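> The structure that follows is given in the form of structure tokens.
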Amino acid sequence: MNDSRGEIWGLIQIFTGNGKGKTTAALGTVIRAVAKGKRVAIVYFDKGGTTHYSERELICDRLPEIGLYPTGLDRIDPITNKFRFGVTEEDEKEGERGLAIIRKLFVEAQHDLIVLDEINSSTALGIINEKDILTLLDQRPKNIELILTGRDAPESFKDRADLITDMTLVKHYFYNGFAAREGLDY
Ligand code: ATP
Ligand code: MG
């Protein structure tokens, strides 16, 4: 498919790799799309809780036209503030809920762009089933642009992508002892 007018939407973009910038690149694209009156939804995988995703507050308050669908349990323990590793049955249930949301959004076909944040990493971790997602990708309405973010994008996703950006970790202040900073990292 080659449209020299740049009017065709419906491609698959993947932002993956170990470096920082995957989710923020997706959010930057969302801003650009909304600026041009496009209808956007963001489905978050494995990103429950409300306290450490500043962009959601902004979107709820000032860009309510963006559909926000957070799924997943809170990975940060509210008491110890520590990250919870591993995958539980509850994590998988939340993953299923995320897939059901995508299914519904595809049936409704009301969006021009849908971001599936952390779908790559959630698949690699086994929170969601790779084959189920492939079925969804292959049945998606053809005009909906998709952005799939997260580390360790499965090869089967990459095979279907029109764009793959691999964020390379060259340096990250995290390794010099700087914790995640509100407003920059979350
Ligand atoms: P961002 O949301 O900042 O664009 P990301 O989506 O590329 O980051 P994730 O894998 O989703 O990265 O991780 C989210 C959080 O982890 C962010 O706070 C980010 O700064 C941090 N992070 C990203 N890459 C690394 C890394 N290589 N080492 C440690 N922390 C990282
Ligand atoms: Mg991310």
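The values are calculated or read from the model by the stated rules, or taken from the named source; none is laboratory data. What you see is a predicted model; the values in this text were computed from it and never measured. Methodologically, a virtual Cβ is constructed for each residue, glycine included, from the backbone with ideal geometry; neighbour enumeration extends over all protein chains shown. Accessible surface areas use protein heavy atoms only, side chains included; no ligands, DNA or RNA. Shrake-Rupley method; radii C 1.70, N 1.55, O 1.52, S 1.80 Å.
> How many residues, within the stretch 1-56, are free of Cβ contacts under 8 Å to residues at least 60 places away in the same chain and assigned to a strand (DSSP E or B)?
0
> Moving on to the next point. Of these, Thr24, Thr51, Thr16, Thr88, which one is touching a Pro at 6+ places or on another chain (Cβ under 9 Å) and either open to solvent by 30 Å² or more (accessible area, probe 1.4 Å) or modelled with pLDDT of 90 or more (or both)?
Thr51
> Output the qualifying pairs, or none if there are none: Cβ atoms under 8 angstrom, residues six or more apart or on different chains, first residue in the stretch 112-124 and modelled with pLDDT of 95 or more, second residue within 11 Å of ligand 1 (Cβ to nearest atom) and in a helix (DSSP H, G or I).
Close Cβ pairs satisfying both conditions: Val115/Ala26; Val115/Leu27; Asp117/Thr23; Asp117/Ala26; Glu118/Thr23.
> Now for a separate question. More than 24 Å from Gln13 (Cβ to Cβ), touching a Gly at 6+ places or on another chain (Cβ under 6 Å) and within 15 Å of ligand 1 (Cβ to nearest atom) - does that describe any residue in the stretch 67-88?
Yes, the stretch 67-88 contains a residue that is more than 24 Å from Gln13 (Cβ to Cβ), touching a Gly at 6+ places or on another chain (Cβ under 6 Å) and within 15 Å of ligand 1 (Cβ to nearest atom).
> Would you call Glu92 outside any loop (DSSP other than H, G, I, E, B), charged (D, E, K, R), more than 16 Å from ligand 1 (Cβ to nearest atom) and closer than 25 Å to Ile133 by Cβ?
Spelling it out, Glu92 is indeed outside any loop (DSSP other than H, G, I, E, B), charged (D, E, K, R), more than 16 Å from ligand 1 (Cβ to nearest atom) and closer than 25 Å to Ile133 by Cβ.
> Quick one: in the stretch 138-179, which of the residues that are in a strand (DSSP E or B) and within 16 Å of ligand 2 (Cβ to nearest atom) is nearest to Lys22 (Cα to Cα)?
My answer is Thr149.
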